[in-house]
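Take a look at the structure below.
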Amino acid sequence: VLFRSGELFEWAEVHGNLYGTSAEFVAGQLAEGSSVLLEIDVQGGMSVRKKRPRAVMIFISPPSWEVLERRLRGRGTEDERVIAKRLENAREEMEFAGLYSFNVVNDDLERCVAEVGRIIESETVS
């Protein structure tokens, strides 16, 4: 299994599914002087933090619990049990927001994307 053999830079089980990032890919990109952008959950984020303490980490949070719940229900893709589990996980993950370099509230998608872009640009300038 990949995640036991050290071939993954980070990995996590999220909502019953396994996700991970290739260690070889990350090492290769960094060796070439490229930045690496990972879209990962808090478990993966904490794994990255241990391996790369200077990593720039951006936590994307919802504007409110009500908005998060409305967004999850609006998808129409999950049953009530799954929605409840996702909300429970989100509450637990929010406790880690303070461990991230930046916290961006996703209240307006265009503004959120622009803010994340500004952070990436400012943090990757040599």
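Computed from the coordinates by the stated procedures, all read-outs in this text should not be read as laboratory data. Just so you know, these numbers come straight off a predicted model, no measurement behind them. Positions of Cβ are backbone-derived with ideal geometry, glycine not excepted, and every protein chain shown enters the neighbour counts.
Return the distance in nm (one decimal) between the two label points of a simple spin-label model at Leu109 and Phe25, each offset 7 Å from Cα along Cα→Cβ.
Going from the Leu109 label point to the Phe25 one covers 2.3 nm.
Taking the simple approach of a point 7 Å from Cα along Cα-to-Cβ for both Glu32 and Val56, what is their distance in nm?
According to this spin-label approximation, the distance is 1.9 nm.
Given Cα pairs under 8 Å that are at least 6 residues apart, what percent is the relative contact order of the chain? Walk me through the numbers before you get to the answer.
Numbers: 100 pairs, mean separation 27.8, N = 126.
Here the relative contact order equals 22 percent.
Semi-axes, largest first, in whole Å: what does sqrt of 5 times each Cα gyration tensor eigenvalue give for the chain? Spell out each step's value before the answer.
Numbers: eigenvalues 142, 85, 29 Å².
Semi-axis lengths for the chain are 27, 21, 12 Å.
Just how far, in whole angstrom, is the stretch 80-97 from the stretch 1-73 if you go by their alpha carbon centroids?
17 Å
Along the stretch 95-109, what does the Karplus equation 6.51 cos²θ - 1.76 cosθ + 1.60 (θ = phi - 60°) give for ³J(HN,Hα), rounded to whole Hz, x for Gly and Pro?
Residue by residue, the stretch 95-109 yields 5, 8, 4, x, 8, 8, 5, 9, 10, 10, 8, 8, 8, 9, 4 Hz.
Report, as a whole number in µm² per second, the diffusion coefficient that Stokes-Einstein gives for the stretch 53-92 at 20 °C and 1.002 mPa s using the Kirkwood radius over alpha carbon pairs.
Working: Rh = 11.5 Å.
Answer from the Stokes-Einstein relation: 186 µm²/s.
So for the stretch 1-65, what are the equivalent ellipsoid semi-axes in whole Å, largest first, each being the square root of 5 times an eigenvalue of the Cα gyration tensor?
Details: eigenvalues 88, 60, 18 Å².
They are 21, 17, 9 Å, listed from largest to smallest.
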